[in-house]
Amino acid sequence: MYLFANAIEGVIDQAVQQGVYSVVLPFVLIFLVMFVVLKSSGVIGEVWLAAAISAVSALVATLFLASMPIVGDFLSWLLGKAGVILIIVLIVLVVNAFVNNNANKG
């Protein structure tokens, strides 16, 4: 188990050094949000090229936003906090499920 933990820690350290958390993940997140907003809002219209136009527009906007260091720093901070909150919510849900399950049996 200890070797597995060290391996995961090494992979995460490599990802941090390579800029995955400060460049790649914010880029992907911004792209997905922009693409979904453009696609679902119908701004482009219902032409057969709507998906391609939305993808290119989202890619260009994402490249502009990802080039700003403050955007990457903010998203790294926000996703870090969201991860902790998600873990806490999942723990509460699991404990609640165990408590409700035991109450239903007894």
Test: VAL47 is at pLDDT below 80 and either assigned to a helix (DSSP H, G or I) or not polar (S, T, N, Q) (or both): yes
Suppose we filter SER41, SER22 for residues that are closer than 20 Å to MET68 by Cα and either among the polar types (S, T, N, Q) or modelled with pLDDT of 80 or more (or both); which single one remains? SER22
Report whether or not ILE91 is assigned to a helix (DSSP H, G or I) and exposed (fewer than 10 other Cβ atoms within 10 Å of the Cβ). no
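The values are calculated or read from the model by the stated rules, or taken from the named source; none is laboratory data. These figures come from a predicted structure and were not determined experimentally. So basically every Cβ, Gly included, is an ideal-geometry build from the backbone, and we count neighbours across all protein chains shown.
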